[in-house]
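I have placed the structure first, in the form of structure tokens, so that the comments after it can refer back to it.
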2 protein chains.
Amino acid sequence: MDISRLKGFREFLPDEMEARRRVFEVMRQTALSFGFGEVDMPSLERLDLFRVKSGEEIVEQTFSFVDKGGREVTLIPELTPALARIVAHRKDLQKPVRWFSIPKIWRYEEPQSGRLREFYQFNADIFGSSSIYADAEVIALAMEILHRLGLAGKFQMRISDRYMMEAILRELGDVDVDRAFRAIDKIGRADEGWIQNELISAGIPDPDEFMGFISSHGGQDVLDDIEAAYPSTRPRCERLRDLMSLLDAYGFREHVVDLSIVRGLAYYTGVVFEAHDAKGEFRAILGGGRYDTVVKLFGGEDTPAVGFGMGDAVLELLMRREGVWPEERFSPDVFVASAGAREYAIEVAMKLRREGFRVEMDLSGKGLSKQLRYASRRGIPFVVIVGDREMEKGVAVLRDMAAGTQVEVPLKDLPALLRGRLP
Amino acid sequence: MDISRLKGFREFLPDEMEARRRVFEVMRQTALSFGFGEVDMPSLERLDLFRVKSGEEIVEQTFSFVDKGGREVTLIPELTPALARIVAHRKDLQKPVRWFSIPKIWRYEEPQSGRLREFYQFNADIFGSSSIYADAEVIALAMEILHRLGLAGKFQMRISDRYMMEAILRELGDVDVDRAFRAIDKIGRADEGWIQNELISAGIPDPDEFMGFISSHGGQDVLDDIEAAYPSTRPRCERLRDLMSLLDAYGFREHVVDLSIVRGLAYYTGVVFEAHDAKGEFRAILGGGRYDTVVKLFGGEDTPAVGFGMGDAVLELLMRREGVWPEERFSPDVFVASAGAREYAIEVAMKLRREGFRVEMDLSGKGLSKQLRYASRRGIPFVVIVGDREMEKGVAVLRDMAAGTQVEVPLKDLPALLRGRLP
């Protein structure tokens with residue numbers, strides 16, 4: 001029997017989990033500080049939920065199956081459809097709603113660096129606002145998370161507008177917009193010759209010139225150039241100018257206009273964005289944009305929406321490279337060693353536990369020197385030693401393992417003393 | 001197309017999630033205070049991983065399928081096998097290891113009150129200690145969580161020992177122990193006539209008397225009765241006496257010896273326990289015990305283990321009935337209303353966000369009175385109002401929505417003022 005862990009799946013032991021928890025907690029606290037509320041959705045859904053938005057091609061990339069009740073179901077490959085379903089059907093929601101979540105997501109793809117079959121994905125969405133303020137707020141949330149994770153200046157937030165790109169393509173002639181988008185989306189990831197051919201097939205007359213044009217990126221100046229070359233882009237350039245100014249006001253400096261960002265998925269409308277490692281070493285850190293038509297697809301009223309998703313795999317690669325991944329170390333604060341007087345040791349441990357300390361208690365019943373050796377090997381910074389003598393006096397001995405010193409204190413003073421000594 | 005949520009699966013919006021987070025956080029903090037480290041395992045595993053421990057019958061109750069690579073896989077119906085696999089193969093682990101986790105778990109069973117197809121399950125296990133201190137520590141952790149959740153006195157921790165029951169059954173004659181266990185496990189849940197018949201078929205001569213005997217529960221006195229009636233139980237009774245005394249020392253009062261607890265699963269060895277609603281209204285809140293042979297089953301060295309699992313469904317039912325389920329309400333602390341001066345409004349919002357407040361910002365761009373009406377409807381307790389005048393003076397207006405009062409403060413003093421006013 002093969003009982004090994006599946007390829008592309010991970011397990012985390014306490015040291016690793018301690019670091020990951022910290023990263024997730026930064027995401028959570030940042031989203032809460034932006035007034036976003038946390039939600040949680042099923043991990044298994046009917047496959048049709050995803051067909052509605054993404055068509056049949058999504059099926060290949062999912063862990064889908066027929067369940068014992070004959071239902072075609074799948075592990076969720078993304079969160080948005082479940083959210084759109086709620087927004088479509090719950091008329092009582094006060095809009096705009098601001099939601100975030102950090103679910104596990106599954107994709108049946110070949111695992112490689114930064115791409116797993118099971119991963120966590122931070123999601124944030126605003127439903128019910130078509131304002132550019134909403135676009136700015138969502139992008140600012142993404143950038144603020146990266147800043148709080150220690151990545152200020154280490155990434156670029158590349159922003160474009162699919163309607164702007166559509167206007168450009170239409171000015172170029174009779175272009176197959178979807179095909180052109182798919183080719184643009186592959187820039188930097190697929191063979192350049194293939195991309196050029198695709199652009200020609202899509203009806204772009206001079207792919208060399210076009211590739212050169214969309215490779216420019218920067219601030220307001222790039223928007224001026226686009227508007228000069230393709231006048232019909234004007235309203236979308238205006239909107240992007242506003243967005244860039246708003247992000248300036250948030251105090252960020254990593255945002256640039258980048259025409260090569262189109263996001264492959266066909267449902268995006270208007271603004272799209274991706275954050276990339278500033279050194280260009282990894283796949284996108286996060287991606288998102290407007291999807292104003294999705295809620296209606298799920299049977300709801302026209303409800304504008306904007307949001308993004310950020311997996312934990314590329315983020316971890318980048319944070320490790322930049323030396324800002326949290327220390328992977330879990331340790332209790334204190335070990336309670338018992339030299340007899342087990343009941344008293346339990347009482348002392350419970351007192352400290354209720355004061356908020358992480359307290360490991362001896363389970364071996366072995367001699368004191370063996371217990372101390374264990375605590376030392378385990379790297380626990382403090383040991384509280386209690387025996388019959390301590391019980392009678394109502395005291396405990398606190399030993400600082402690094403210093404090798406110890407002090408006897410009344411039990412009631414132990415929590416305060418310990419709190420003062422712990423970092 | 002049917003895109004509805006699957007039966008037995010739940011979704012949580014921010015109000016509900018706020019409450020659930022609090023409950024999970026109590027579980028996490030309690031486990032950490034006991035020196036347990038958090039772990040996280042894959043949600044999908046090869047089906048064989050579960051066959052090793054539970055045989056073929058587990059398959060019927062799982063969301064299992066053949067993936068696109070031809071692997072027989074399943075959504076995990078429990079966490080223990082993945083943990084046992086790690087303990088079996090990682091020789092570097094310092095034992096005893098104390099691990100906890102709050103994963104999603106899936107079971108293909110008919111949904112009913114307190115039983116879902118997808119639920120969260122708090123798990124805690126100690127691997128590598130055969131000591132009764134480990135049994136006590138794990139049961140104490142379970143009881144401490146229930147206490148911290150406001151359920152002191154509202155539950156009963158029913159404890160037995162499968163080896164003790166085996167000794168009893170053997171004294172009764174040539175009894176089919178497994179069959180008898182399965183019947184005992186169904187007491188209170190299956191038809192009494194069926195149970196009696198099963199006990200007879202298992203070889204128990206007087207099922208009436210037997211049922212009467214095992215229905216007694218209590219403290220040390222029950223153990224005395226058992227030992228008097230079935231002398232071969234003596235070593236196990238001694239062990240249970242120690243366990244009950246240890247739980248006394250922890251300061252708990254809800255633990256009782258209850259012979260009807262055997263836990264259906266065949267792999268338990270020695271001590272078993274279940275926590276039940278004191279009023280007997282619901283299914284078991286949690287269950288666990290010793291499983292000293294499981295790690296060896298997974299190819300490891302003989303490694304004693306003890307642990308328990310607690311789903312969130314019955315727990316929620318009980319907490320709601322007792323009025324201790326947390327308030328289901330999510331709200332930002334403050335709404336930033338902008339009367340022009342959008343850049344300044346953003347600056348003010350970001351300042352408060354970085355000070356840890358939950359800050360929702362206006363996205364509408366509408367007039368001030370509409371923004372105030374929105375914040376009021378949303379139940380946000382404070383509104384910060386900024387416009388051109390406030391920007392020029394470097395101040396903000398803080399409005400207390402309940403009191404209807406407002407005060408102008410220098411921007412630098414705003415966080416302290418707000419902190420003083422929030423509960």
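The values are calculated or read from the model by the stated rules, or taken from the named source; none is laboratory data. From a predicted model like this one, the values you see are computed outputs, not experimental measurements. All Cβ positions, glycine included, derive from the backbone under ideal geometry; neighbour counts span all protein chains shown. Quick note on the areas: whole protein, heavy atoms, side chains included, nothing else; ligands and nucleic acids left out. Shrake-Rupley method; radii C 1.70, N 1.55, O 1.52, S 1.80 Å.
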Exercise. Under Stokes-Einstein, with the Kirkwood radius over Cα pairs standing in for Rh, what whole-number D in µm²/s applies to the stretch B:120-202 at 25 °C and 0.890 mPa s?
Worked result: 157 µm²/s
Seminar exercise, completed: Computed, not fitted: 222 nm per-residue ellipticity of chain B from DSSP H runs ≥ 4 (each -39500 (n - 2.57)), nearest 500, equal to -12000 deg cm²/dmol
Exercise. Which lysines have a Cα lying under 22 Å from the Cα of A:Lys279, excluding residues fewer than 8 positions away in the same chain?
Worked result: A:Lys154, A:Lys186
Exercise. Can you pull the accessible area of A:Glu192 for me, 1.4 Å probe, Å² to the nearest 10?
Worked result: 120 Å²
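For chain A, state the average projected area of the convex hull of the C-alpha atoms over all orientations, rounded to one decimal in nm².
Approximately 27.6 nm², given one-decimal rounding.
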Exercise. Put a point 7 Å out from Cα along the line to Cβ at A:Arg373; what are the distances to that point in the other copies, in nm, shortest first?
Worked result: 7.7
Problem set entry | Beta carbon of chain B nearest to the axis of the rotation taking B to A, residue and angstrom distance | B:Phe65, 2
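Pop out the carbon and sulfur fraction of the accessible area of the stretch A:162-252 as a percent, whole number, probe 1.4 Å. Mind dumping the intermediate values first?
Values: 2040 of 4470 Å².
Result for the stretch A:162-252: 46 percent of the exposed heavy-atom area is carbon or sulfur.
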Exercise. How many Å³ per residue does the convex hull of the Cα positions in the stretch B:27-141 occupy?
Worked result: 132 Å³
Exercise. Viscosity 1.002 mPa s, temperature 20 °C: Stokes-Einstein D of the protein assembly as shown from its Kirkwood Cα radius, in µm² per second?
Worked result: 71 µm²/s
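Of the beta bridges DSSP finds with both residues in chain A, what % are antiparallel, to the nearest 5?
80 percent
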For this session: Using only atoms on other chains, find how many Cβ atoms lie within 10 Å of each Cβ of peptide A:355-362 and report the average.
Result: 5
For this session: For B:Leu93, go 7 angstrom from Cα along the Cα-to-Cβ vector, then report the distances to that same point in the other copies in nm, smallest first.
Result: 4.2
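Which semi-axis lengths, in whole Å and largest first, follow from the square roots of five times the eigenvalues of the Cα gyration tensor of the stretch A:285-423?
Semi-axes (√(5λ), whole Å): 51, 19, 13.
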For this session: Could you name the aspartates and glutamates whose alpha carbon sits less than 14 Å from that of A:Lys7, not counting residues in the same chain fewer than 8 places away?
Result: A:Glu109, A:Glu110, A:Glu118, B:Glu45, B:Asp67, B:Glu72
Problem set entry | ³J(HN,Hα), Karplus 6.51/-1.76/1.60, whole Hz, each residue of the stretch B:391-398, x for Gly, Pro | 4, 4, 8, x, 10, 8, 9, 9
Exercise. Near B:Lys370, which lysines are there with a Cα under 19 Å away, not counting those fewer than 8 places off in the same chain?
Worked result: A:Lys95
Seminar exercise, completed: Once accessible area is computed for B alone, A alone and the pair with a 1.4 Å probe, the total buried surface, to the nearest 100 Å², works out to 8500 Å²
Exercise. Ignoring ligands and nucleic acids, what accessible area does B:Lys351 show with a 1.4 Å probe (Å², nearest 10)?
Worked result: 70 Å²
Exercise. Which net charge results when you count Lys and Arg as +1 and Asp and Glu as -1 among the other residues whose beta-carbon is under 14 Å from that of A:Val271?
Worked result: -3
Problem set entry | Accessible area per residue, Å², the stretch B:334-421 with all protein chains present, probe 1.4 Å | 44 Å²
Seminar exercise, completed: If labels are modelled 7 Å from Cα along the Cβ direction, A:Glu327 lies from its partners in the other copies at nm distances, smallest first, of 3.8
Problem set entry | Fraction of alpha-carbon pairs over 19 Å apart in the stretch B:332-383 - percent | 19 percent
Seminar exercise, completed: Restricting to Cα pairs under 8 Å and 6 or more apart, the percent relative contact order of chain A works out to 16 percent
Problem set entry | Histogram of C-alpha separations across the stretch B:162-252, 5 Å bin width, % | 3, 14, 22, 22, 17, 13, 6, 3, 0
